[in-house]
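Derivation of every value follows stated rules applied to the coordinates shown; laboratory data play no part. As the structure is a computational prediction, the values presented were derived from the model and not from experiment. Every residue, glycine as well, gets a Cβ built from its backbone with ideal geometry; the counts of neighbours run over all protein chains shown.
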Amino acid sequence: MTDLALSSTASPTALAEPRDYLALMKPRVMSLVVFTAIVGMAAAPVDMHPLRALISLLMIALGAGASGALNMAVDADIDAQMKRTRMRPTARGAIAPADAFGFGAVLAMFSVLGLALSANYLAAGLLAFTIVFYAVAYSMWMKRRTDQNIVWGGLAGALPPAIAWAAATGSLSLDPLLLVAIIFVWTPPHFWALALYIAKDYAKVGVPMLPATQGAAVTRKQILVYSIALAVIGVAPTFTGLGGVLYLVTAAVLGLLFVAGAVRLARSTAGDVVDEAKGLYAAGPEARPARDLFAFSILYLFALFAALLVEHGFGGYRTIALPFGWGG
């Protein structure tokens, strides 16, 4: 399917508008990438020159855009058949997949080179790895061959805070890796909650999402397992001194609420029956626990990283004296 997508020239690129190229870069995903990167840079134990910081963040954003464009080029064939994605530029023929691939490749090279010049080779190497991993390992292979696709594919979306940290410091440590781990573990329950009521959209194009391959009951249990792990990992930055009082309270309270939502979902019948007549994203009473957890997961991640940003970026940081020499 991938070869067909890249060779398709069904519609002329001349029909494309600037907003189509913006859509290729998945601006919603890009906004999350930039936000987590800003937090990673703010939490780094160095002061980066404002201009270098701004250029570095721009390169990270463009790298995320490159990943989105390459993904749409590869997935044009299946995107055109799915309700969720059929209005993407490559799916509706506004931009030919081959042109989207070229656009993404140029963005990728520019962003990696720009980050190498504005920051350092470590950050640029991590950005290059993220782009290649998402466009090749995930989009071309994992997404179409394993129901654990979103687990491993989530690594690409989890790396931006570490890239920004490396841009600021020229190195990596446990703290940025904890931020990566939080996003990595957050991704499966976040996306599987949504997939519970759009699984048929993936199943009809042969994408092996967990609800379609293992069933809704297994998916609900997996969401609970990952949610418990997330609640534990979420408070871990407090024990390294990265997070302070505000972060600890935010992570602890929201982590418990996340687990409570996952328990409610595990006890529900969400995903057992999907009524497509209600619309792609319509959630009847039985699916509301899945919809509610999906919505809450967005708030959870934003609040966690916002707490770190307040503590490190706006002078609100307060360390906590913890036993065994942990903490700040």
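Is the C-alpha gyration tensor of segment 35-151 telling us rounded, prolate or oblate? Criteria: a/c under 1.5 is rounded; beyond that, a/b larger than b/c is prolate, otherwise oblate. Present the calculation step by step, with values, prior to reporting the outcome.
On the way: a/c = 2.38, a/b = 1.91, b/c = 1.25.
Taking the square roots of the gyration eigenvalues as a ≥ b ≥ c, segment 35-151 is prolate.
What does the extension gain come out to for residue 52 and residue 148, with contour length at 0.36 nm per residue minus their alpha carbon separation?
30.8 nm
Dipole of the chain (Lys/Arg Cβ +1, Asp/Glu Cβ -1, origin at the Cα centre): which of 266, 305, 239 lies farthest to the positive side?
266
Give the long-range amide H neighbours of residue 244: residues separated by 5 or more places, or on another chain, with amide H under 5 Å away, using H modelled in the peptide plane at 1.01 Å from N.
Answer set, sorted by chain and number: 318.
Read phi for every residue in segment 42-47 and hand back ³J(HN,Hα) as whole Hz from Karplus 6.51 cos²θ - 1.76 cosθ + 1.60, θ = phi - 60°, with x for Gly and Pro.
5, 7, 4, x, 9, 9
Rounded to the nearest 20 debye, what is the charge dipole size of the chain about its Cα centre when +1 sits on each Lys and Arg Cβ and -1 on each Asp and Glu Cβ?
Values: 22 positive and 17 negative charges, 108 e Å.
So the magnitude is around 520 debye.
Trypsin sites (Lys or Arg not before Pro) within segment 40-146: which are DSSP loop residues with at most 14 other Cβ atoms inside 10 Å? Don't skip to the answer; put the middle values down first.
Numbers: sites: 52, 83, 84, 86, 92, 143, 144, 145; in loops: 83, 84, 86, 92.
Answer by residue number: 83, 84, 86.
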